[in-house]
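Student: My questions will all concern the structure given below.
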Amino acid sequence: MPYDFNQQIIQEFRANRGRVGGPFEGARLLLLTTTGARSGVRHTVPLGYLHDEGGRMLVIASAGGAPHHPAWYHNLRANPHVTVETGVFTIEAEATVLEGEERERLFARAVEADSGWADYQAKSGRVLPVVALTPRSGSFPEQPEGDPPPWYEDRLNVMRVPATSDDHAAVMAAIRALLTRAPALAADVTPALAHTGGVPGVWVSAAGGSATVDGVTLYVHGGGFEHSQPALEPLMACRLSQATRRPAFKVDQRLAPAHPYPAALDDVVAVYRSLLRQGVPADRIIMCGESSGGTLVLSALLALKQAGDPLPGAAVAISPLTDLTLSSRSLDSNDGRDVINRRVAEHVTAQYLAGARADQAPQSPLHGDLRGLPPLLLVAGTAEVLLDDTRRFAAAASAAGVDVTFDLYEGMPHAFHASVMAQDPPPIAMTFLRRLTDWIAETQATGRGDSSYSKLDS
């Protein structure tokens, strides 16, 4: 591929977190950087690739069917230490040229995925080398042992949202003001449907529309599984209704310690099934929750999947607790930076579980089978003690093939998004709402898939 065209793709790839347009739109691409065999200068090329077992990525030295191997292949033969960019992660890797039966088997797999590889080999008159890139380290920090490695996460879109100390101060001031005096609720609270599965709650519609036509946002509030704030939660439902452009129902799930697991989870599932029975299409339902409510949303997805129920069109979990064994490193590394700490997490999990196992799903979502879940928007602040709970779940879900978007808000504390309920929400809160609106629109309007590998000059 001509140098200038390569540079255009590289620039677009880096600017758009791995996505490019034109003839390679939707293709699974990476950027490979090698060290020049003679010059010692670093060179970067865009390549199509395939996943392999053990986290390896496979690239093929086709050079577009040219009779000679591409320069990057000669470079990695001389120096197998390479750098790989996936659009989300930067990975240091070891390149190995495959031979014999392994090469033949994997090349046949590539041809099965895209016959263009066979065409390139026939055109070139040579055996196209198959190269395995084995990750040695990645740029996704503090991955606890046993987690899916970041190089599996080709379907994970990470967006880092910058914020300043002024943004942090504005968020905290807004939340303190809410606890003193909640703004008036300016929304329609007429029930959008007659039944909610016997579970109490509040209907809030700030966007008009019909539940059976436009769908429903099912909002599950936080509060450590044991607290509720009746004056504030309808305000959050109102903001979510505005952002998702459909009526919202705020679930008043049962609370621990009087009603430990699985009472709250059963309530969320009951409301969801009631919506289906009343004609709300599953793909028009959005489940959304923060903190312990985010945990319940993810748990409900697993419970519904296990029972064979149709799953919602999308789900949003903000600052969720996903591993109730409390083994995430950020519980300690972010202690003192957040509005909650490990002691709070220990208290709420003990009360909620009441003897149920912390290392099993659905109560502990990270420990479940995440395959087949709907598109997920996961949100966390980098100052949260639960940061790694969100991050680890994002990695595991992506490794299971789930379409995951992970929004990281720089320096923000646990459940910072609560500031959207303020009379005059701070800018970072409005960013959260805009991101939610855009993600919902994109998720419902488009699908994500792979296209041809071999059309790229690899």
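The values are calculated or read from the model by the stated rules, or taken from the named source; none is laboratory data. What you see is a predicted model; the values in this text were computed from it and never measured. For neighbour counting, all protein chains shown are included, and Cβ atoms are generated from backbone atoms with ideal geometry for every residue, glycine included. What goes into the accessible areas is simple: the full protein's heavy atoms, side chains included, and nothing from ligands, DNA or RNA. Shrake-Rupley method; radii C 1.70, N 1.55, O 1.52, S 1.80 Å.
Student: Please compute the modelled spin-label separation between His68 and Arg434, points set 7 Å along Cα→Cβ, answer in nm with one decimal.
Tutor: About 5.0 nm, to one decimal.
Student: Spin-label point model (7 Å from Cα, Cβ direction): what's the Thr180 to Asp166 distance in nm?
Tutor: 2.2
Student: Quick check on packing: order 340-353, 391-404 by the mean number of other C-beta atoms within 10 Å, highest mean leading.
Tutor: Put in order of decreasing packing, that is 391-404, 340-353.
Student: Taking 8 Å as the Cα distance limit and 6 or more residues as the minimum spacing, I'd like the relative contact order of the chain as a percentage.
Tutor: Answer for the chain is 18 percent.
Student: In nm², what is the average projected area of the convex hull enclosing the Cα atoms of the chain?
Tutor: Computed as one quarter of the Cα hull surface, the answer is 23.3 nm².
Student: If I fit a long axis through the Cα atoms of helix 427-445 and take the longest principal axis of the Cα atoms of the chain, what angle between them do I get, 0 to 90°, rounded to 10?
Tutor: Result, in degrees: 70.
Student: As a test, work out the antiparallel percent of DSSP beta bridges whose residues both lie in the chain, rounded to the nearest 5.
Tutor: 50
Student: How many Å² of accessible area per residue for the chain, probe 1.4 Å?
Tutor: So the chain comes to 40 Å² accessible per residue, rounded to a whole number.
Student: Once you keep just the Cα pairs under 8 angstrom separated by 6 or more residues, what percentage relative contact order results for the range 1-112?
Tutor: Rounded, it is 23 percent for the range 1-112.
Student: Taking 7 Å along the Cα-to-C-beta vector as the label spot, tell me the Thr96-Glu25 distance in nanometres, rounded to one decimal.
Tutor: Roughly 3.8 nm, to one decimal.
Student: I've got another one for you. Quick one: Karplus J couplings for the range 26-34, per residue in order, coefficients 6.51, -1.76, 1.60, θ = phi - 60°, nearest Hz, x for Gly and Pro?
Tutor: Once rounded to whole Hz, the list reads x, 6, 8, 10, 9, 10, 10, 10, 10.
Student: Related question: What 222 nm value per residue comes from the helices of the chain, counting each DSSP H run with n ≥ 4 as -39,500 (n - 2.57) and dividing by all residues, nearest 500 deg cm²/dmol?
Tutor: -10500 deg cm²/dmol
Student: Next question. What ranking, highest mean first, results for peptides 312-322, 369-379 when packing means the other Cβ atoms within 10 Å averaged over each residue?
Tutor: Top to bottom by mean Cβ count within 10 Å: 312-322, 369-379.
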